[in-house]
Amino acid sequence: MQVVRAFQPGDEEAFRTLNEAWITKYFRLEDKDRETLEDPHSHILSLGGQIFMAVRNGQPIGCCGLIALQDGSMEIAKMAVAETERGHGIGRKLLDYAIDYARSHAVPRLYLETNSSLANAIHLYESAGFERLPAERIQPSPYARANVYMEMNLV
């Protein structure tokens, strides 16, 4: 049985491993990745963010972070599903869980950055209601790989 739940002590290794796997498959690990993945407590959780884990039979198979932004919005970040688990709706469940969390906590807007080569991810985000930001609203990203910027207004 599969469940999505909040990050718990002991999830740090799975969070790092799941994200390193997809990032290194398509891109390269950047300094900002290393910072966040090596210490999610300091870079996400202690700053008002959340991390959700998809778990099957006690084993983490996916994750999704929500990073608190200064304007009260949150950023969907560090979303990963184990390669062997892809295509089973786990990414959709994680994304829906994060959106529901944001709505229930009166977050006005969700933001995300991705790469144009990740067509399946972009399709998932668009099908959930995310829209691409116009060029004049794009802010510089700490990630060299980011070239698609999206948001979902929740209010």
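Read-outs throughout are calculated quantities, based only on the coordinates presented, and are distinct from any laboratory measurement. Predicted, not measured: the structure shown is a model, and the values here were computed from it. Note that we place each Cβ from the backbone using ideal geometry, even for glycine, and neighbour counts take in every protein chain shown.
Mean residue ellipticity at 222 nm, helices only, the chain: -10000 deg cm²/dmol; runs of at least 4 DSSP H residues each add -39,500 (n - 2.57), and the sum is divided by the number of residues. With K and R counted +1 and D and E -1, the other residues having a Cβ less than 15 Å from that of Gln139 yield a net charge of -1. Shown here for the stretch 48-111: trypsin sites (Lys or Arg not before Pro) in loop regions (DSSP other than H, G, I, E, B) with at most 16 other Cβ atoms within 10 Å, namely Arg86. Near Val81: Cβ cut-off under 13 Å, other residues only, Lys/Arg at +1 and Asp/Glu at -1. The net charge is +4. Under a 5 Å amide H cut-off, with hydrogens placed 1.01 Å from N, Met79 pairs with Gly65 among residues at least 5 apart or on other chains. Among residues other than Met150 with Cβ under 13 Å from its Cβ, the summed charge is -2 (Lys and Arg +1, Asp and Glu -1).
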